[in-house]
Amino acid sequence: MEYTAAQSGFRQRKLQHNMRLRNSSMDGSDGSQLFDDTSATGPGAQGVYRNQQAGPQAAGGLPGQSLLADPMSNLAMAYGSSLASQGREMVDKNLDRFIPISKLKYYFAVDTVYVGKKLGILVFPYMHENWEVSYQQDIPVAPRFDVNAPDLYIPTMGFITYILVAGLALGTQNRFSPELLGVQASSALVWLIMEVLAVLLSLYLVTVNTDLTTIDLLAFSGYKYVGMILGVVAGLLFGKLAYYLSLLWCCAAIFVFMIRTLRLKLLSEAVAEGKLVRGARNQLRMYLTMSIAAAQPVFMYWLTYHLIR
């Protein structure tokens, strides 16, 4: 019992001691505070702090404002923009001289109806009667409004499709390789360029005054890919005999198409004057027209015969 009374007295003295320590710490908080209380600072101290932060910006401003405020910088920027515009105009002018971008848009102005009718004329030219190109104020109308106008859409798509069909034919014969397909595409492109250059040289030597342009010749020379595709596809589906028959039909069709189209271009002077095709000069033009038309079947056979076995 004495031990219990002594123990309880010790606990009471300890609690009283802790209470005194807590009260003393609350009373002497100003002396034992670890950090300064800045919440009680007045508006003057906050104003000084804000002025210190805004000081560099108020003194010097933004870096871009000083650059734009300089008249020499404005002059240099204006001079640089004028040089850039002049350089762009020079590039566009020189590019249009060698690659007439504005004219190329005319040759790709086609629609689905034009493509269908043109393909029908290329395969069955015997039923077509009017071969003259329509003009509007001395300017030929767009191909989508005139089926007789040359275009580059069908030759371009024909060339790409021919390369794909050639790769398919080589694959069915276990001869496909990327190198061989590249050789096929490059050889077809080289023959096309050589053909156009030969026609241009012939027109220069014969001194034909015609409105045919290089792009027109490229378009007319590219129409033969339609017959080449039909021949190769027929050969792949039905054998070698079908290839020869379909290619023979397409060769005759492209020959008639070229004759009826180019004679209005190469013999335009005689047709306009109402004269008969007589004289050595007009005979040379007629021979040139037939030569260009006769070269199409040769190229069609040369570029397709090795694809059918």
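Just a few scattered comments:
- By a 1.4 Å probe calculation restricted to protein chains, K265 has an accessible surface near 30 Å², given to the nearest 10.
- If you sort the three axes of the alpha carbon gyration tensor as a ≥ b ≥ c, you get a/c of 1.5 or more for region 158-263 and a/b no higher than b/c, which makes it oblate.
- FRET efficiency for L284 and N174, using Cβ-Cβ distance with R0 set to 45 Å, rounded to 0.05: 0.35
- Against the criterion of solvent-accessible heavy-atom surface with a 1.4 angstrom probe, V190, V110 sort, most first, into V190, V110.
- Heavy-atom accessible area ranking, 1.4 Å probe, most first, across W191, W249: W249, W191
- Relative protection proxy for 229-236, 74-81, 294-301, 137-144, from highest mean packing down: 229-236, 294-301, 137-144, 74-81 (other beta-carbon atoms within 10 angstrom).
- Here the accessible area is traced with a 1.4 Å probe on the protein chains. For region 151-305, carbon and sulfur cover 72 percent of it.
- Summing +1 for each Lys or Arg and -1 for each Asp or Glu among the other residues whose beta-carbon sits under 12 angstrom from that of V147 gives -2.
- Summed residue charge, Cβ within 15 Å of A169's Cβ, Lys/Arg positive, Asp/Glu negative: +3
- Per-residue 3J(HN,Hα) values for region 146-158, derived from phi via the Karplus relation 6.51 cos²θ - 1.76 cosθ + 1.60 with θ = phi - 60°, read 9, 6, 7, 6, x, 9, 10, 5, 5, x, 5, 5, x Hz in sequence order (x marks Gly and Pro).
- Contour excess over end-to-end distance, with Cα ends at L83 and F124 and 0.36 nm allotted per residue: 9.2 nm
- Electrostatic tally near L307: other residues with Cβ closer than 13 Å to its Cβ, Lys and Arg +1, Asp and Glu -1, net +3.
- Theoretical FRET efficiency, 1/(1+(r/R0)^6), r = Cβ-Cβ of V206 and T161, R0 25 Å, to 0.05: 0.15
- FRET efficiency, 1/(1 + (r/R0)^6) with R0 45 Å, evaluated for Y244 and L264 via beta carbons: 0.90
- Accessible area per residue, Å², region 151-305 with all protein chains present, probe 1.4 Å: 50 Å²
The values are calculated or read from the model by the stated rules, or taken from the named source; none is laboratory data. Just so you know, these numbers come straight off a predicted model, no measurement behind them. Cβ sites come from the backbone with ideal geometry, for glycine too, and all protein chains shown count toward neighbours. Remember, those area values only see protein heavy atoms, side chains included, never the ligands or the DNA or RNA. Shrake-Rupley method; radii C 1.70, N 1.55, O 1.52, S 1.80 Å.
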